[in-house]
Amino acid sequence: MPEIADVSVVIPTFNEVDNVAILVERLETQLNGCRWEALFVDDDSTDGTRDALMRLAQEKPHVRMIHRIGRRGLSSAVVEGILSTTSPYVAVMDADLQHDEALLPGMLETLRTSDAEIVVGSRYTEGGGVGDWDKKRIMISRFAGWLARTVTKSDLTDPMSGFFMLKREAFDRSVRNLSKEGYKILLDIFASSPAPMKFKELPYVFRLREHGESKLDSLVIWEYMVLLLDKLVGRYVPVRFLMFGMIGSSGVFVHFAVLFVCFKLIAIGFTVSQGIATFVAMNSNFFLNNILTYRDRRLHGMRLVWGLLSFYAICGLGVVGNVGVARMVFEGMTSVSSSYGWAIAGAAGALISVVWNYVVTAWVTWRRRH
Ligand code: GDD
Ligand code: MN
């Protein structure tokens, strides 16, 4: 029987087939002196990573895997991974060999011998680095880091790091407040901690990726904003609702732009123009929500078609509700002869339809499948 681990290394994977065996070998070299385990959390990779992990886990008692289906997300994978371990110390690192595993023994030692609750691998402290990044990526990373320091009120030099080790108690204190949005799990843990976390930093040089490709696309900036927004207002309003509302407002602009083009420029009749504008705005709302608000449950193929049809139907009913409620409020208002009655009634109708559209499409169109 394997001994109970002192340190669990949680490693999220998505399409890392050429990296996982090398990483396990390197962990064996580095963690040779202590009791440890590697826990991979794979989001149903399509390149055979799962089979590679299965083989590794069958050969080696200190390798385990969690396989998630129908889910994506670096942060949520890490959180689920940590929750399924029991060691007093937990490390988080990428599978792609960009994080320097030689830091792990030092991280463990620091946690054991100092009062630090978390040790963070930093690219921006003396001795750290980012390899051959271009200027633009360095600038973006620095700016995001500055924003993060402002939100977490901590002076971490590299709050965007995905490489750290922490004591289980420290994680347990944050876990119930985590947003689990996007991929900035370290930032999330810091921002969710009820008391400031005691941290230390160890420098490392971020290596270049050799096998496979980065999973972080241009949406990471959006996801980052979502995380910050959730940390700021998430306890009052669900961030998804805010996004849905924001996209709905963008639909108003789309509507007027199309209406202007059809009616004024091309000079199609008003009713037809208004119909086209409504249709275009509804589609733009649907696709923006599918890409941004529900990026973690994005619909593809036939599901996309059904999703779009259900979206039309639900928003159509939303219009009926909107007009009904607005009319009721309007009639109530005129009896008290308020001069703003029309505006209040209009706003009430719009609010009802936004809430209706949001709740029902969340439940039908972008239903959680697992
Ligand atoms: N389970 C799971 N699910 N794993 C994922 C997902 C996902 O949806 N997306 C990415 N991963 C895994 C990758 O397989 C890899 O092991 C790790 O998460 C990081 O993904 P990369 O795509 O290589 O990200 P990066 O190199 O651009 O950025 C990383 O390093 C930065 C510096 O430390 C991330 O860790 C950033 O958070 C970090 O700032
Ligand atoms: Mn990477």
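The values are calculated or read from the model by the stated rules, or taken from the named source; none is laboratory data. Note that the coordinates shown come from a computational prediction; the quantities given were computed from them, not determined experimentally. So basically every Cβ, Gly included, is an ideal-geometry build from the backbone, and we count neighbours across all protein chains shown. Accessible surface is based on the protein model in full, side chains and every heavy atom, while ligands, DNA and RNA are left aside. Shrake-Rupley method; radii C 1.70, N 1.55, O 1.52, S 1.80 Å.
Please determine, by comparing only the residues of region 58-69 that are among the aliphatic types (A, V, I, L, M) and within 20 Å of residue 4 (Cβ to Cβ), which one is least open to solvent (accessible area, probe 1.4 Å).
Filtering region 58-69 for residues among the aliphatic types (A, V, I, L, M) gives 63, 65-66, 69.
Cutting the leftovers down to within 20 Å of residue 4 (Cβ to Cβ) gives us 63, 65-66.
Numbers: 63: 6, 65: 49, 66: 37 Å².
Filtering region 58-69 for residues that are among the aliphatic types (A, V, I, L, M) and within 20 Å of residue 4 (Cβ to Cβ), the one least open to solvent (accessible area, probe 1.4 Å) comes out as 63.
Criterion first (more than 16 Å from ligand 1 (Cβ to nearest atom) and closer than 23 Å to residue 140 by Cα) does residue 219 satisfy it?
Answer is no for this residue.
Kindly indicate the residue of region 5-42 that is in contact with a helix residue (DSSP H, G or I) (Cβ under 8 Å, 6 or more places away or on another chain) and of a type in the set (Gly, Ala, Ser) and also nearest to residue 164 (Cα to Cα) among those meeting that condition.
8
Only helices (runs of 4 or more DSSP H) wholly contained in region 204-300 count here; list those with 2 or more residues that are within 16 Å of ligand 2 (Cβ to nearest atom).
Values: elements: 219-233, 239-259, 270-288.
Fully inside region 204-300 and qualifying: 219-233.
Restricting to region 7-54, count the residues that are without any contact (Cβ under 8 Å) to a residue 12 or more places away in the chain and either aliphatic (A, V, I, L, M) or crowded, with 20+ Cβ neighbours inside 10 Å (or both).
1
Return yes or no: is residue 307 free of Cβ contacts under 8 Å to residues at least 24 places away in the same chain and open to solvent by less than 60 Å² (accessible area, probe 1.4 Å)?
On the way: free of Cβ contacts under 8 Å to residues at least 24 places away in the same chain: no; open to solvent by less than 60 Å² (accessible area, probe 1.4 Å): yes.
Considered against the rule, which asks whether it is free of Cβ contacts under 8 Å to residues at least 24 places away in the same chain and open to solvent by less than 60 Å² (accessible area, probe 1.4 Å), residue 307 comes out as no.
Run residue 72 past the list (1) free of Cβ contacts under 8 Å to residues at least 24 places away in the same chain; (2) open to solvent by 60 Å² or more (accessible area, probe 1.4 Å) and report the number of the one that doesn't hold.
(1)
Please give the number of the condition residue 240 fails out of (1) under 30 Å from residue 190 (Cβ atoms); (2) of a type in the set (D, E, K, R); (3) at pLDDT below 90.
So residue 240 meets the others, but not (3).
Scan region 215-239 and report the pairs whose first residue is at negative phi and whose second residue is open to solvent by 30 Å² or more (accessible area, probe 1.4 Å) and within 16 Å of ligand 2 (Cβ to nearest atom), with Cβ atoms within less than 8 Å and a gap of 6+ or a chain change.
215/14; 215/15; 215/74; 216/183; 220/183; 221/140; 223/183
In region 323-341, which residues are β-branched (Val, Ile, Thr) and assigned to a loop (DSSP other than H, G, I, E, B)? If you could, list the steps in order and put the result at the bottom.
Restricting attention to region 323-341, the residues satisfying the condition of being β-branched (Val, Ile, Thr) are 323, 325, 329, 334, 336.
If the condition is that a residue be β-branched (Val, Ile, Thr) and assigned to a loop (DSSP other than H, G, I, E, B), then 336 is the only one that fits.
Is it fair to say residue 320 is open to solvent by 60 Å² or more (accessible area, probe 1.4 Å), assigned to a helix (DSSP H, G or I) and closer than 14 Å to residue 357 by Cβ? Spell out the reasoning first.
On the way: open to solvent by 60 Å² or more (accessible area, probe 1.4 Å): yes; assigned to a helix (DSSP H, G or I): yes; closer than 14 Å to residue 357 by Cβ: yes.
Answer is yes for this residue.
Determine which member of the set 356, 366 is crowded, with 18+ Cβ neighbours inside 10 Å, hydrophobic (A, V, I, L, M, F, W, C) and not in a helix (DSSP H, G or I).
Numbers: 356 fails: not in a helix (DSSP H, G or I).
Within the list 356, 366, the selection yields 366.
Please identify the pairs in which a residue from region 147-159 that is within 16 Å of ligand 2 (Cβ to nearest atom) has its Cβ atom under 9 Å from the Cβ atom of a residue that is part of a helix (DSSP H, G or I), counting only partners at least 6 apart or on another chain.
Close Cβ pairs satisfying both conditions: 158/141; 158/145; 158/186.
If we keep just the residues of region 159-216 that are near ligand 1 (Cβ under 10 Å from one of its atoms) and within 21 Å of residue 7 (Cα to Cα), which is most open to solvent (accessible area, probe 1.4 Å)?
Going through the qualifying residues, I end up with 162.
Among the residues of region 87-135, write down those that are within 14 Å of ligand 1 (Cβ to nearest atom), among the charged types (D, E, K, R) and open to solvent by 50 Å² or more (accessible area, probe 1.4 Å).
Answer for region 87-135, where residues must be within 14 Å of ligand 1 (Cβ to nearest atom), among the charged types (D, E, K, R) and open to solvent by 50 Å² or more (accessible area, probe 1.4 Å): 132, 134.
Of a type in the set (Val, Ile, Thr), surrounded by fewer than 18 Cβ atoms within 10 Å (Cβ to Cβ) and more than 30 Å from residue 179 (Cα to Cα) - does that describe any residue in region 287-298? Steps first, answer last, please.
Restricting attention to region 287-298, the residues satisfying the condition of being of a type in the set (Val, Ile, Thr) are 291, 293.
This time we only want the ones that are surrounded by fewer than 18 Cβ atoms within 10 Å (Cβ to Cβ), so: 291.
When the remaining residues are screened for being more than 30 Å from residue 179 (Cα to Cα), the result is none.
For region 287-298, residues of a type in the set (Val, Ile, Thr), surrounded by fewer than 18 Cβ atoms within 10 Å (Cβ to Cβ) and more than 30 Å from residue 179 (Cα to Cα): absent.
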